[in-house]
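Here the structure comes first, spelled out in structure tokens, and everything after it is commentary.
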Amino acid sequence: MSVEDRVDAALAGLDQGEFATAPSLPAIAAWAPFETARGALVPQLELTKPGARYNVN
């Protein structure tokens, strides 16, 4: 993909209200499972104790 195509696609995505753009992604719906998984993971990265799998406590 040319630089011009990347920039044009990214700007078009931003104009459409996309928070982040991925110019080569054919359908924005493919982003949803990633965003769901990310949303579930982030709170677990902020816990105050080591994970049980480490057998630290």
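Each reported figure results from applying straightforward, stated rules to the coordinates on display, with no laboratory input. In this text the structure is predicted, and so the values were computed from the model without any measurement. Here the Cβ is made from the backbone with ideal geometry for all residues, glycine too, and neighbour counts use every protein chain on show.
Report summary: the helix-based calculation at 222 nm, which adds -39500 (n - 2.57) for every DSSP H run with n ≥ 4 and divides by the residues of the chain, gives -13000 deg cm²/dmol. A crude spin-label estimate for the pair ARG38 and ALA10, with each label 7 Å from Cα along the Cβ direction, gives 1.6 nm.
Net charge of the neighbourhood of ALA9, taken over other residues with C-beta under 13 Å away and scored Lys/Arg +1, Asp/Glu -1, is -4. Expressed in units of 2.2 N^0.38 Å, where N is the residue count, the Cα radius of gyration of the chain is 1.74. Judged by the mean number of other Cβ atoms found within 10 Å, the most tightly packed of the peptides 8-14, 44-50 leads the ranking 8-14, 44-50.
Taking 0.36 nm per intervening residue step and subtracting the Cα-Cα distance, what contour gain separates TYR54 from ALA30 on full extension? Don't skip to the end; give the middle numbers.
On the way: separation 24, 0.36 × 24 = 8.64 nm, distance 3.36 nm.
So the chain would gain 5.3 nm between TYR54 and ALA30.
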